[in-house]
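The values are calculated or read from the model by the stated rules, or taken from the named source; none is laboratory data. None of these values were measured; they are calculated from a predicted model. Positions of Cβ are backbone-derived with ideal geometry, glycine not excepted, and every protein chain shown enters the neighbour counts.
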Amino acid sequence: MEKQSRRNFFKTAGLLTATIAGTPTKTAKATPENILSEDRVGVLVDTTTCIGCRNCEWACRKAHELPAGELNSYEDKSVFKDMRRPDSSALTVVNQYENEKRINSPLNVKVQCMHCDHPACVSACIVGAFSKKENGSVIWDTDKCIGCRYCMVACPFQIPSFEYDKALDPEIRKCDFCFERTREGLLPACVEICPVEALTYGPRSELIKIARERIKKNPDKYFDHIYGENEVGGTSWLYLSNQDLTKTKALPKLNDKTAPGVSESIQHGIFAYFVPPASLYALLAGIMWLNKKKKETSEGE
Amino acid sequence: MSEYLKPVPIQKKFFTPGVIVLCIVAFNGLVFLAARFLFGIGSVTNLDNQYPWGIWIGIDVAAGVALAAGGFTSAALGHIMYREHFHSIVRPALLTAMLGYTFVAIGVFVDIGRWYYIWHPLIMWNGNSALFEVGICVMMYVTVLYIEFLPVVTERFLGKVNFKGFLSLLNKPLEKLLRILDKTLTKTIFIFIILGVVLSTLHQSSLGTLMVIAGEKMHPLWQTPVLPLLFLLSAISVGFPMVIFESMTASKSLGLKQEMEVLTPLGYTIAPLLGIYLAFKIGDMFIRETFVYLYELNTASIMFTIEVVVGIVIPLRMFLSKKVLKTPSLLFTASALVIFGVLLNRINNFVVAYTPPYSYGSYFPSIGEISVTVGFVALLVLLYRIIVLNFPVISLPDKKFAIKTKYTIKG
């Protein structure tokens, strides 16, 4: 046993080190659809402009056929007392934080799916229900979903939500970047309704240029960082603010490595076209045969 | 010695006070399970959008797979290393693995929101997903375990098919079928035995890969790229302690002699395996310099310390002592500690280490979740009892041989 397990163990150890050391994230190819297009779009959120009117929440619900209520009911500011997260009844929410730079006007931060360039959910989903589309949006096919919630475990922004109170057909829900609307040439519902143009929709590469320019023009107004430019390998949604949004915990502090990178390298290393499992099989079969033969000869004598 | 041991159905009545307690526990679990299917996962569990996975994944699935590792480690020892001395432990270990994995599959079935689509991964593939790999491997391995167990069934019924009345027409064809099955299995079983070991090494490690994608959401004491290796090593090291634990419990419950002549030599293999696991665990901690997190006093550091000290270091020291290996009560304690350590490790990895970026509040399993988990364990034990009472699983000294040889160890 000792001998065998040690062999096994060296094999796996060697495999793991080899894969962790080599092949970085370039192997991240899931379905053919998951190709990063140069023209992919995004949204630039300028939190210095946002007034916290929550019209985007209403528009989002309307666009996704969720119970939305009256638009004027969204003027209620008491919801800001608690930190809210997107869930199956609200795919985007605005939270209010203390503004460390301008004490009298609060800091409003809208959150929704970031539509990562290298999405963890796409990589994690057991049935491949998620996909990254050419325009940058990360959408999913509810008909495939088995409700395992691994996407929720994987997502670095903790975005996908689940209908826990439904016994039959509970759905995973999150912002879909208004995939149907944008395909028809419309703007995402939240961008369209925003009264102060805090949300700018356009090609991601352009948005980064615009963001840079804004920071350059108003270095006193802006904190010099475009959140989402490099976080987890880049996201379609980008944030500008007058302060570090990760400090207020409005957004999580993340490094630039893509979320599924390490996991996928390990996964493909262990499998690598089934060569390692097949050779392990052959090795074990060899050991078994030798041991059996040894036994037979010793009995024969 | 093993030549004189023969697997037989154990002659013993099913109901005892302990069995009745188990039945109540199992029933209680089934009540909460019914609620889960009638009113949804949220009605029974404390899970939410921040904590999508709880003990049903951490214990029922992850720990369940690890603790069923006795199946593949003893198959490797008994059949691949061909140590005939250990043949008597292979069947009980196989049965535990078979039941263990069956309940892992049921655990998954219960936890996923759309249980009626559990077959989707069979036709909808995502090669990037660690969960897909685990899912497919576990499905294949469950099948292999059932095939490996088939000889026990054919052995039980071969030459004993005896239906009364009009069903007696079936007797001959059934007997023939069993004979063909038995013959084919004898010739091909080695294919499945090796396949079982390969599949086990694959999914035991991939289970570790599962949490790697959670990245910074997982506490650095556990989050490491060598997680799959640690999972594999811990599974290998918990395999034999589980076999010992289960053999001793079964012997006690069924009023049989403890099989110390097999369990003591088996115990010798545990210390080196545990040692390798500990070396990698500590090595990983020093390479990534995560020991700094042990200086702070919080749930994570306490749980990690208990896991390593109580679950690895103490049993490792115990298994190095000959006295422990030869004393049934100490051997049992040491094995139980290893099992506790691996169980805690899986809970730590899947539940304790997981901290979502926007957690308001933390996760603690609900009464419903605990009831279902404990109920499944009770059901598993009950099924184990039913099967060993009716099928040739546990080996007893064969009287025919016992007369010929001096059977002195009996006592």
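Here are a few things to note about the model shown:
- Just one of the listed residues (B:PHE304, B:PHE340, B:PHE332, B:PHE350) is free of Cβ contacts under 8 Å to residues at least 60 places away in the same chain and either buried (at least 20 other Cβ atoms within 10 Å of the Cβ) or touching a helix residue (DSSP H, G or I) at 6+ places or on another chain (Cβ under 6 Å) (or both), and it is B:PHE340.
- Filtering A:LEU284, A:LEU245 for residues that are in the same structural domain as A:GLY42 (by TED's automatic domain parsing) and crowded, with 22+ Cβ neighbours inside 10 Å leaves a single hit, A:LEU245.
- Checked against (1) without any contact (Cβ under 8 Å) to a residue 24 or more places away in the chain; (2) part of a loop (DSSP other than H, G, I, E, B), B:GLY42 passes all but a single condition, namely (2).
- Residue count for the range A:221-264 satisfying the condition of being within 14 Å of another protein chain (Cβ to nearest Cβ), farther than 30 Å from B:ASN126 by Cβ and among the β-branched types (Val, Ile, Thr): 2.
- Number of the condition not met by B:ILE180 [criteria: (1) within 14 Å of chain A (Cβ to nearest Cβ); (2) assigned to a helix (DSSP H, G or I)]: (1)
- Residue satisfying all of: in the range B:176-207; β-branched (Val, Ile, Thr) and touching a residue at least 24 places away in the same chain (Cβ under 8 Å); surrounded by the most Cβ atoms within 10 Å (Cβ to Cβ) among these: B:THR201
- For the range B:2-25, the criterion of a residue being within 13 Å of chain A (Cβ to nearest Cβ) and modelled with pLDDT under 90 is satisfied by at least one position.
- Test: residue in the range B:102-115 that is facing chain A (nearest Cβ under 7 Å), in a helix (DSSP H, G or I) and farther than 21 Å from B:SER200 by Cα: no
- Residue within the range A:194-212 that is buried (at least 19 other Cβ atoms within 10 Å of the Cβ) and either in a loop (DSSP other than H, G, I, E, B) or facing chain B (nearest Cβ under 9 Å) (or both) present: yes
- Residues within the range B:49-74 that are more than 10 Å from every other protein chain (Cβ to nearest Cβ) and in a helix (DSSP H, G or I), tallied: 15
- Failed item, numbered, when B:HIS87 is tested on (1) surrounded by fewer than 23 Cβ atoms within 10 Å (Cβ to Cβ); (2) more than 8 Å from every other protein chain (Cβ to nearest Cβ); (3) under 29 Å from B:THR45 (Cβ atoms): (3)
- Single unsatisfied condition, A:PHE157 versus (1) within 14 Å of chain B (Cβ to nearest Cβ); (2) of a type in the set (Phe, Trp, Tyr); (3) part of a strand (DSSP E or B): (3)
- A residue that is of a type in the set (D, E, K, R), under 26 Å from A:CYS151 (Cα atoms) and at the interface with chain A (Cβ under 9 Å from one of its Cβ atoms) occurs somewhere in the range B:35-48.
- Set B:THR299, B:THR269: member being exposed (fewer than 15 other Cβ atoms within 10 Å of the Cβ), modelled with pLDDT of 90 or more and among the hydroxyl-bearing types (Ser, Thr, Tyr): B:THR299
- Per the listing B:LEU77, B:LEU99, the residue uniquely out of contact with any strand residue (DSSP E or B) (no Cβ under 7 Å at 6 or more places or on another chain), assigned to a helix (DSSP H, G or I) and buried (at least 23 other Cβ atoms within 10 Å of the Cβ) is B:LEU77.
- Selection status of A:ASN218, in the same structural domain as A:PRO119 (by TED's automatic domain parsing) and out of contact with any strand residue (DSSP E or B) (no Cβ under 9 Å at 6 or more places or on another chain): yes
- Number of the exception - A:MET152 against (1) within 16 Å of B:SER129 (Cβ to Cβ); (2) within 8 Å of chain B (Cβ to nearest Cβ); (3) modelled with pLDDT under 95: (3)
- B:ASN162 vs. criteria crowded, with 16+ Cβ neighbours inside 10 Å, without any contact (Cβ under 8 Å) to a residue 40 or more places away in the chain and in a loop (DSSP other than H, G, I, E, B): no
- Some residue of the range B:129-150 being within 13 Å of another protein chain (Cβ to nearest Cβ) and without any contact (Cβ under 8 Å) to a residue 12 or more places away in the chain: yes
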